[in-house]
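Novice: For reference, the structure I am asking about is given below.
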Amino acid sequence: MIKQVQNTIPTAEECLGAREPAASPGNCSRNCRDPLALFLERESSLKVWALNMKVSCLTLVARRVSLPRVLMNRRDVLSFLPLAGNSAIALLAELTKFQERAAPPDSGSQTSSAEQSTFDFWTQNIRNPDFAASGSRSLGNAPRASFVYYDELKGFVAGSDIGDDRLPDAGDLNILINVDHVRPSLADQQRFVNLEGGSLRIDVQQATPMRTLGERLAWTAIAGFLPENKKLPPLKEMTFNPGATWGKLESVPLPNGSGHLTWNFFLQHRKSAWIRIFDVLRRARGLLVPIFGLGLPAIAITALTTVDSLVATLTKDERTEWLFQSPDVYFYATKRARDAFEGSKLRLKKGMYVIMPSDKLSEFAREQSKLTIKDGLIVPKGTSGLEAESAAKDVIKNITYLTVGVTATIRPPSR
């Protein structure tokens, strides 16, 4: 629980057990009846979860947060997501609607073109193949995510140049993805420090449903980056494992050897609703790490669009500064999957990928012949493992990149 407000905020047991409503949403006492408590009480299937997880009352007396700016509802529901799946998504959607109805009539009336572009991206364009093919930058001037594969023999290879050598004819695919390192550029390091909050969202979708299901599934992982004391952690700590947010899942199953990926990396100010959710969640769980994740494993594609809308709503109160943006990218691991899709596509195979902003590719191309990957970091050739972390700080300083390890296993097609 949050220690600094523990003595003034009633727990879920107290909120749900109260008999009399509070006089007003802004005055929370031991008989508080906040919106989340009332909603959970109506949703009997979730009441036990709320009690077990000791959900705090929505209204933060110590912080004097008014109802339209309350964040604790989303905070606590988000903590249900890895457990509750689609039911929790539906609950979060209802709470988002509740908060929008509670907001003053003029709230959100002033929307900049950049904010509107971000909102449109999450609600319309992230799943739009035409938007993905429209250029290297979005309408909001956000650089696109570009993929580079690291070949042990050939070095760095653009995603479109990977080739189909030894590509299996057919089969189903199981993949594991791990963000080995996040290395911000010098400029983006300063942006991190100034804004004090960032987020990386990764989506993996099936292109074909499993035979036993009528709808495709998706796996979503969201990392929150929260620099402490305006200082980023050492590079060795700038990692994120999406699989860890998906519970005990060993790998993501992709029938017919294909799927869709999205990688979206953005910054917002620490005071924004989106970043404050991660901050409160981290503190509520007693975590000290500057990076931690939330996962939604095996949700239906229809639920994924709900998640898109929720992210749009939760991020719209503050300007989003994009490090890179990624609509759906189709990937394949077999010839059959390659031939089944017309348009831009990426071959996915075992190894290390580098994801960077599209407008930095030409700069990277000029340097890449002198570079290699050591311990998940891009360093000069010949760098020893003992020097990798320090050496990584001094190369391609103007480029923010992720190194992503992929384990891809082809298995016989399901019958």
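The values are calculated or read from the model by the stated rules, or taken from the named source; none is laboratory data. Bear in mind the structure is a predicted one, so any value in this text is a computation, not a measurement. A quick note on method: Cβ atoms are made from the backbone with ideal geometry, for glycine too, and the neighbour counts reach across all protein chains shown.
Novice: Residue check, residue 266 against (1) part of a loop (DSSP other than H, G, I, E, B); (2) on the phi < 0 side of the Ramachandran plot, all met but one. Which one?
Specialist: In the conditions (1) part of a loop (DSSP other than H, G, I, E, B); (2) on the phi < 0 side of the Ramachandran plot, residue 266 misses (1) alone.
Novice: Tell me the residue from 274, 219 that is surrounded by 18 or more Cβ atoms within 10 Å (Cβ to Cβ) and outside any strand (DSSP E or B), please.
Specialist: Testing whether each residue is surrounded by 18 or more Cβ atoms within 10 Å (Cβ to Cβ) and outside any strand (DSSP E or B) leaves just 274.
Novice: Which one of these does residue 177 not meet: (1) out of contact with any strand residue (DSSP E or B) (no Cβ under 7 Å at 6 or more places or on another chain); (2) within 17 Å of residue 354 (Cα to Cα); (3) outside any loop (DSSP other than H, G, I, E, B)?
Specialist: (1)
Novice: When you check residue 133 against the structure, is it at pLDDT 90 or above and either crowded, with 21+ Cβ neighbours inside 10 Å or not basic (Lys, Arg) (or both), yes or no?
Specialist: So residue 133 does not fit the description; no.
Novice: Scan 233, 209, 227 and give me the residue that is under 30 Å from residue 340 (Cβ atoms) and of a type outside the set (Phe, Trp, Tyr).
Specialist: Unique residue meeting the criteria: 209.
Novice: Got at least one residue in the stretch 348-357 being in contact with a Leu (Cβ under 6 Å, 6 or more places away or on another chain) and either without any contact (Cβ under 8 Å) to a residue 24 or more places away in the chain or not aliphatic (A, V, I, L, M) (or both)?
Specialist: no
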